[in-house]
Amino acid sequence: MNAYKNLGWALMTLMVMGVMACQSKPMNQSDKTYAFRLKPGQDLKLSLDSFVKANQLEAAWIQTAVGSLTDYHIRFANQPNGSKGTGHFEIVSLVGTLSINGSHIHISVSDSTGKTIGGHLLEGNKIYTTAEIVIGSSNQFQFKREEDGTTAWKELQVKELNKEQ
């Protein structure tokens, strides 16, 4: 039992050290927060893409979002095609990195019984009553999506801009 306890403490120490080593710099004054609402019938993904393009965001992320859908279109893990559903769904999670150079967004929705599904956000997610979205952005970074050989997909590459000498 003592060996397991010591192993647990050792693993926790390594995890904390890893987190400490990965801490980022505080945000600078060029960082912005955007808040907006999508209305009934709007397409969630197309609206996010339009917002990113209109604001020329190169390094942004979804801070929080709530709302509802009448239609969802989600690609589940390791599946080639999306799955669709029609009804009334609550947006219980919307997360992702956003950039004019490529975005990566996941959504979770629940139905009237609480059954929740989630995956990659695709076009075809229609707003039911509202989608209240808060986005943060930084001019300190540039997000790009490029093949790096570690997976078969274009993955996030982060470039730090205006690095202090």
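The values are calculated or read from the model by the stated rules, or taken from the named source; none is laboratory data. Keep in mind it's a predicted model, so treat the numbers as computed, not measured. Cβ placement follows ideal geometry from the backbone for every residue including glycine, while neighbour counts extend to all protein chains displayed.
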| task | Just give me the residues in segment 66-87 being part of a strand (DSSP E or B), surrounded by fewer than 17 Cβ atoms within 10 Å (Cβ to Cβ) and under 16 Å from the mean Cα position of the chain (by Cα), in sequence order. | result | Val66, Arg75
| field | Flag for Ser137 being of a type in the set (Ser, Thr, Tyr) and touching a helix residue (DSSP H, G or I) at 6+ places or on another chain (Cβ under 8 Å) | value | no
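For every residue, the table says whether it meets (1) in a strand (DSSP E or B); (2) touching a His at 6+ places or on another chain (Cβ under 7 Å); (3) touching a residue at least 12 places away in the same chain (Cβ under 8 Å); (4) of a type outside the set (Asp, Glu).
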{"residue": "Phe89", "(1), (2), (3), (4)": "yes, no, yes, yes"}
{"residue": "Val95", "(1), (2), (3), (4)": "yes, yes, yes, yes"}
{"residue": "Ser108", "(1), (2), (3), (4)": "yes, no, yes, yes"}
{"residue": "Gly118", "(1), (2), (3), (4)": "yes, yes, yes, yes"}
{"residue": "Gly124", "(1), (2), (3), (4)": "no, yes, yes, yes"}
{"residue": "Thr130", "(1), (2), (3), (4)": "yes, no, yes, yes"}
{"residue": "Lys159", "(1), (2), (3), (4)": "yes, no, yes, yes"}
| said: If I filter segment 58-75 for residues that are farther than 19 Å from Ile135 by Cβ, in contact with a strand residue (DSSP E or B) (Cβ under 9 Å, 6 or more places away or on another chain), charged (D, E, K, R) and modelled with pLDDT of 95 or more, do I get at least one hit? | reply: yes
| query | Quick one: is Ile135 touching a residue at least 24 places away in the same chain (Cβ under 8 Å), outside any loop (DSSP other than H, G, I, E, B), of a type in the set (A, V, I, L, M, F, W, C) and closer than 20 Å to Phe76 by Cα? | reply | no
